[in-house]
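Chemist: Supplied in structure tokens, the structure appears directly below.
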Amino acid sequence: MVPWRTSITGVSIALRVTPRGGRDDIDGIEQLSDGRSVLKVRVRAIADGGEANRAVLVLLAKSLGVPKASVSLLSGATSRLKQIAVEGDPADLAEALRQLASVKSIGIRN
């Protein structure tokens, strides 16, 4: 099960964010204890004044090759679990996410 859903305008991604994670990186897919899948993301920024949220949006835009304006926070501004929307071609974005996640996925068996 993948942590993103496609729509007409792009994709919605479920994330688990680690602020002050030592580096800005995508660590793959993880399955939570309740069975939901999330894309694990870590950023160097601290979770203060929205810095970590901004860093997550920039990291995802860069990783998916879309403008920063195409990436927005849907929910979870003060939580580690977030929903992010990315505008663009849904098929291209889903393929880019598959490639990013397949490199470092944890806890998912094919």
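The values are calculated or read from the model by the stated rules, or taken from the named source; none is laboratory data. Since we're looking at a predicted model, the values are computed, not measured. In this analysis, Cβ positions are derived from the backbone assuming ideal geometry, glycine residues included, and neighbour counts consider all displayed protein chains. Please note that ligands, DNA and RNA were not included when accessible areas were found on the heavy atoms of the full protein model with its side chains. Shrake-Rupley method; radii C 1.70, N 1.55, O 1.52, S 1.80 Å.
Chemist: About its Cα centre, how strong a charge dipole does region 1-94 have in debye, to the nearest 20, once Lys and Arg get +1 and Asp and Glu get -1 at the Cβ?
Modeler: 260
Chemist: Rolling a 1.4 angstrom probe over the protein chains, ignoring ligands and nucleic acids, what is the accessible area of ASP25 in square angstrom, nearest 10?
Modeler: 30
Chemist: Can you return the aspartates and glutamates within cross-link range of LYS68? Criterion is Cα-Cα under 16 Å, with same-chain partners fewer than 8 residues away left out.
Modeler: ASP24, GLU51, GLU87, ASP89
Chemist: Could you work out [θ]222 nm for the chain from helices alone, using -39500 (n - 2.57) per DSSP H run of at least four and dividing by all its residues? Round to the nearest 500 deg cm²/dmol.
Modeler: -8500 deg cm²/dmol
Chemist: Here's something else I'd like to know. Measure out, as a whole number of angstrom, how far apart the alpha-carbon centroids of region 5-30 and region 57-83 sit.
Modeler: Each part's Cα centre sits 7 Å from the other's.
Chemist: How big is the Kirkwood radius of the chain, worked out from every pair of different alpha carbons and given in Å to one decimal? Please list the in-between numbers first.
Modeler: Details: mean 1/r = 0.0728 Å⁻¹.
This gives a value of 13.7 Å.
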